[in-house]
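The values are calculated or read from the model by the stated rules, or taken from the named source; none is laboratory data. Predicted model, so just to flag it, every value in this text is computed and none were measured. Here the Cβ positions follow ideal geometry from the backbone for every residue, glycine too, while neighbour counts run over all protein chains shown. Protein only, heavy atoms only, side chains kept; ligands, DNA and RNA dropped before computing areas. Shrake-Rupley method; radii C 1.70, N 1.55, O 1.52, S 1.80 Å.
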Amino acid sequence: GMVLQESAGAPSLSTAAGGVGDAAAEIQLSRRRWAVLLLFSSYSLCNAFQWIQYGSINNVFVRFYDVSAFAIDWLSMSYMLIYIPLLFPVAWLLDKRGLRLIALAGSALNAMGAWVKLGSLKPHLFPVTVLGQVICGLAQVFILGMPSRIASVWFGSHEVSTACSIAVFGNQLGIAAGFLVPPVLIPNVEDMEKLAYHISIMFFMTAAVASALFILVILVFKEKPPNPPSRAQASIQSRPTAEYSYVQSILRLLHNANFLLLMVTYGLNVGCFYALSTLLNRMVIHHYPGEEVNAGRIGLTIVLSGMVGALISGIWLDKTKTYKQTTLVVYIMSLVGMIVYTFTLSLGHLWVVFVTAGLLGFFMTGYLPLGFEFAAELTYPESEGTSSGLLNVSAQIFGIAFTIGQGQIMDRYGTKAGNLLLCSILFLGTVMTAFIKADLRRQQANLENEQT
């Protein structure tokens, strides 16, 4: 009773993919797919919360550990740095060993990192909190490349973009919680013992949630559904394993001009988002001293509006399949949002910052699932884990560069100059996006198989 027909009288795939396939392989949707998606979104949420939990109250942790603001920025940037060398081994594991092993590893490391942080509740134990954050950064390598793979393996062709958006949703909701919760749980008090107590509450709650999610992954998360959910997925599953070479797959991706353009433009956009998120507390406190809680709420506004944008763009893609046009429009609006935010931040009205940050987040964060899905279309039948992994590597490299660059410019020339750097980067990305050709290979495969 765990499967539903995708469409009435769906034919068996004895002739799908040019005659390759198992006659018994019917296209069916598993009810378990929503549980798998929700569980992945939940532990992705927990991991993303741990990424930004220091940056959202940067000034408080600077005082508690008696380190520089740049050292606290590196707690966020460590996630980005760790991802770059480890992407390829983890993407190889995803292809060779499948979704379940990667899910177990990601959720286990996430819980382990959270427990290590509980050992860093004294000012001289900053290295311990760094170790905990590094372990959480390792977990992120097993998480970031999963949304499009889970969507393709578990969901039908009419819902795959929506599923990818929901999978990305969890990560964004975690960043939102990371902006909202730490300023509320950890007031900027002078007494170090009180401060340590408030920090311990946050660390313990995180560890408990991460551990519960790891146990649920063990019990609920399965490798794949009993039957393929779409014709494109059935075609991939019917391919002999000897045909697939991971190294050859990466080489093919790196020879795909449209994908390379998307890889750079995705990195530019998401790198700007990472820099903005990491430095947001410093920006807002500079113009509005003592407003740590509102700085967190502004970050929350950016991410929540972005989640709405991500969901709308996912549903829009499933309805229209206009990948190139949608990506370009969202990119242009991200640039417009960044320009408006840059020139209104210093006006002295917090409500204006909330409005402009919400506009910026709607498009900039809404772009995340668009990039994953556009890449899956441009690179079919290559593994979605590999294509989305390369997008993420690009984002991490640009994220580190932009965070350091913008931070240095802000220290020397002010926040407006730092934000103008991001505006110029987004302008470059918009121009490059216009040159990507909409070579929708996955859609073509679904159409051809339906005709067959």
Residue list for region 133-150, restricted to those being buried (at least 24 other Cβ atoms within 10 Å of the Cβ), out of contact with any Leu (no Cβ under 8 Å at 6 or more places or on another chain) and assigned to a helix (DSSP H, G or I):
GLN140, PRO147, SER148
Residue pairs qualifying under the 9 Å Cβ cut-off, at least six apart or on distinct chains, with the first in region 227-248 being farther than 15 Å from GLU382 by Cβ and not assigned by the TED database to the domain that holds ALA163 and the second being surrounded by fewer than 16 Cβ atoms within 10 Å (Cβ to Cβ) and modelled with pLDDT of 80 or more, are SER230/HIS158
Residues being free of Cβ contacts under 8 Å to residues at least 24 places away in the same chain and either surrounded by 22 or more Cβ atoms within 10 Å (Cβ to Cβ) or not β-branched (Val, Ile, Thr) (or both): count how many of those fall in region 45-62.
1
Residues of region 152-172 being within 14 Å of the chain's Cα centre (by Cα) and more than 30 Å from VAL62 (Cβ to Cβ), in sequence order, are ALA163, CYS164, SER165, ILE166, ALA167, VAL168, PHE169
Hits in region 45-99 - residues which are among the charged types (D, E, K, R), part of a helix (DSSP H, G or I) and more than 17 Å from LEU185 (Cα to Cα):
ASP73, ASP95, LYS96, ARG97
Among the listed residues SER424, SER383, which satisfies the condition of being in contact with a Leu (Cβ under 9 Å, 6 or more places away or on another chain) and either touching a residue at least 24 places away in the same chain (Cβ under 8 Å) or among the polar types (S, T, N, Q) (or both)?
SER383
Subset of region 208-230 that is among the hydrophobic types (A, V, I, L, M, F, W, C) and within 15 Å of LEU45 (Cβ to Cβ) - its residue that is surrounded by the most Cβ atoms within 10 Å (Cβ to Cβ):
ALA210
Would you check if there is a residue in region 73-95 being among the small types (Gly, Ala, Ser), over 19 Å from ALA275 (Cα atoms) and either open to solvent by less than 40 Å² (accessible area, probe 1.4 Å) or more than 15 Å from the chain's Cα centre (by Cα) (or both)?
yes
Would region 256-279 turn up any residue that is at pLDDT below 85 and surrounded by fewer than 16 Cβ atoms within 10 Å (Cβ to Cβ)?
no
Contact list please: Cβ distance under 9 Å, first residue in region 199-212 and without any contact (Cβ under 8 Å) to a residue 60 or more places away in the chain, second residue assigned to a helix (DSSP H, G or I), pairs at least six apart or on different chains.
ILE201/LEU185; MET205/VAL181; MET205/LEU185; ALA208/ALA114; ALA212/ALA111
Quick check on region 311-328. Is at least one of its residues free of Cβ contacts under 8 Å to residues at least 60 places away in the same chain, within 21 Å of GLN406 (Cα to Cα) and open to solvent by less than 30 Å² (accessible area, probe 1.4 Å)?
no
